[in-house]
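What follows is a single structure, written as C-alpha cells, with notes after it.
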Amino acid sequence: MAQALPMDFNPSGAEERALSSATVALLVHLARGAGTDFRSQDAGASMASSSGQEPLERLRLAAAEMGLEASPYRLSIADAVWLADDALPLVAWSSPRKSWVAITRHGMLRARAWTSDLPEELPRPMSRRALVEFLGAPDAESPIDLALVRPQLPADGLRAGDGNDASGHGDHHDGSPLARMAGLMRPEMPEVWSIIAFSAITGLLYLALPLAVNAFVSNLSFGATSGPFIQALLAIGGVLLICLT
C-alpha cells in the first residue's frame with residue numbers, strides 16, 4: 001500500500017460543519033468497534049484545532065485522542081475491499097456525499113461497509129460499484145486516499161519516547177502486564193479462536209482415531225456395512241475445513 005500524500009483542502013462553512021459532524025459519528029463507531037472510550041470533548045478540541053486541514057489528517061488527529069491510530073494510505077477500492085477487516089477497517093471520505101465510509105470486511109461478492117450518513121445502522125453489504133459511486137471514484141481500480149484504523153497498541157508509546165526524563169523513568173499509565181498483553185492480542189482474537197477450535201477438534205480426532213480404526217476393521221471383517229463410518233469421517237472433515245477457512 002502506498003502512503004497517502006497531503007492534499008489542499010479549503011472547505012466552506014457548510015462543508016466544515018458536515019465534516020465535523022460526520023467525523024464525530026465515525027469516531028463513535030470506531031471507538032465502539034475497538035472497545036475504547038469516546039471522549040467528545042477531546043475529539044471536539046482536536047477537530048477545532050485542525051480546522052481547514054484535509055479530512056484524513058483531521059481524522060488522524062482526532063482518532064489519536066480516542067486511543068486509535070489512523071494511518072493514511074493510497075490504494076484502489078478493489079484492493080481496499082480485500083484488505084479490510086473487522087479489527088482493521090479502512091476509512092475514506094466521500095466529498096460528493098459529505099460522509100465517511102468504513103469498510104469493515106469483505107464477503108464472497110460484496111464488501112460490508114458502514115457510512116456516517118446512517119450512523120445507527122450496522123455495516124451493510126455494498127458492491128464495488130456502489131462504493132465507487134459513493135466515493136465518486138472513476139472506477140474500482142483508481143487509487144483513492146484511505147486510512148487504516150487500529151487501536152493504539154500498548155507498546156506504541158515506547159517507539160519515540162513519551163516526554164519522560166532522560167533516565168527513562170516516569171509515570172506509566174498503560175496498566176498491568178496482563179492488560180498490555182490483552183491489548184496486543186485483541187486485534188488477533190478471531191484468528192486465536194479459530195486456532196483454539198481447530199486444535200480442540202484435531203485433539204479429539206487423535207483420541208478417537210485408534211478406536212475408530214479398530215471398529216472399522218472389525219466391521220469390515222464381519223461383513224457389516226461401512227456407510228456410517230464414512231459419513232462420520234466426511235462430517236469431521238467438513239468441520240475441519242470450516243475451521244481452516
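Just so it is clear, none of the values below were taken in a lab; they were calculated from the coordinates. As the structure is a prediction and not an experimental result, all values here were calculated from the model. Heads up, the Cβs are rebuilt from the backbone with ideal geometry, glycines too, and the neighbour counts pull from every protein chain shown.
Couple of notes before you dig in:
- Proximal charge balance of Ser116 [Cβ under 10 Å; K/R count +1, D/E count -1]: +1
- Taking Cβ atoms as reference points and 14 Å as the exclusive limit, the residues near Ser127 contribute a net charge of +3, counting Lys and Arg as +1 and Asp and Glu as -1.
- Full-stretch length increase - Ser218, Thr36 - with 0.36 nm per residue and alpha-carbon distance subtracted: 59.7 nm
- A crude spin-label estimate for the pair Leu122 and Leu204, with each label 7 Å from Cα along the Cβ direction, gives 2.7 nm.
- Highest-first packing order for the peptide set 114-121, 95-102 is 95-102, 114-121, based on the mean count of other beta carbon atoms within 10 Å.
- Built amide H within the under 5 Å cut-off of Met126, gap 5+: Ala111, Arg112, Ala113
- Counting charges near Ala25 (Lys, Arg +1; Asp, Glu -1) among other residues having Cβ under 12 Å from its Cβ returns a value of -1.
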